[in-house]
Amino acid sequence: MIEFKNVNKYYGNFQALKNINVTFNQGEVTVILGPSGSGKSTLIRCINALEEITEGELLVQGKNVHDKKTDITAIRKNVGMVFQHFNLYPHKTVLENIMLAPVKALKQSPEQARKTAEELLEKVNMLDKKDAYPAKLSGGQQQRIAIARGLALNPSVLLFDEPTSALDPETIGDVLDVMKKLAKEGMTMIVVTHEMGFAREVSDRTIFMADGEIVEDRPSEEFFEDP
Ligand code: ADP
Ligand code: ADP
């Protein structure tokens, strides 16, 4: 459903992605590991066109993401994203943060969007905080809200860019539990993370990047078996 074909990406003269050839399949949970600066974030940000590729081809459900004729809004509806720093709207309540996209992008009525938002909050165990403002919540709680928001347009894939790296250790577990639940439900997920436990126990596939290249791409059980 997501296919990189000979993709290169430059920032100025610096090559951040080198000849990337990889396919991500429906229902798969993939973890991307690798040192800081190896291109992990750039790779996933290309999928929903937050970054442009320089050369090659990138298809999301058959659509060429970086073709001028492609409707980027349609791609972004299909590809949800969860960031390291949550990116919630501070002046909106938890419920309003999640309702926004369904109202704007899907033209749902406020009643419909509220129902969608409440169901998603239930899923991430945050319904009791629906009227709170983000600043009143812990990092882990805010990240669970961000996951609910990422799901609000009913995407077929959810991207995570180091979702637990900015969290206090005691709140990481709750976020990982929500991610595990989504994985069990069959959500297609691509996760940049340093959480080895999650990678080993939950993911189907592990990709290791170094210097802009994919240097390993294996089933996770194999990846974590060999020395
Ligand atoms: P990772 O997620 O593995 O830490 P990134 O994809 O964030 O790596 O970055 C890969 C490389 O590209 C790094 O060397 C980084 O400094 C560089 N880079 C990322 N974004 C930009 C940018 N907007 N402009 C210039 N260089 C960038
Ligand atoms: P995060 O880990 O939350 O993605 P980063 O520090 O990697 O944050 O990047 C934050 C922003 O800075 C991104 O938009 C990225 O593209 C940009 N960036 C990262 N590295 C560089 C760089 N070397 N030069 C210019 N911009 C960069």
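Rule-based calculations on the coordinates, nothing more; no lab input. On a predicted model such as this, the values are computed, not experimentally measured, just so you know. Backbone-built Cβ (ideal geometry, glycine too); neighbour counts: all protein chains shown.
Structure above, values below:
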{"read-out": "Residue check for Thr193: among the polar types (S, T, N, Q) and away from ligand 2 (no atom under 16 Å from the Cβ)", "value": "no"}
{"read-out": "Subset of region 6-41 [surrounded by 21 or more Cβ atoms within 10 Å (Cβ to Cβ) and among the β-branched types (Val, Ile, Thr)]", "value": "Val7, Ile20, Val29, Thr30, Val31, Ile32"}
{"read-out": "Evaluation of Val94 against (1) β-branched (Val, Ile, Thr); (2) more than 24 Å from Phe24 (Cβ to Cβ); (3) within 16 Å of ligand 2 (Cβ to nearest atom) (one fails), failing number", "value": "(3)"}
{"read-out": "Matching residues, region 67-109, being under 19 Å from the mean Cα position of the chain (by Cα), without any contact (Cβ under 8 Å) to a residue 60 or more places away in the chain and part of a loop (DSSP other than H, G, I, E, B)", "value": "Asn87, Tyr89"}
{"read-out": "Test: residue in region 46-58 that is in a helix (DSSP H, G or I), within 16 Å of ligand 2 (Cβ to nearest atom) and either within 19 Å of the chain's Cα centre (by Cα) or more than 12 Å from Leu159 (Cα to Cα) (or both)", "value": "yes"}
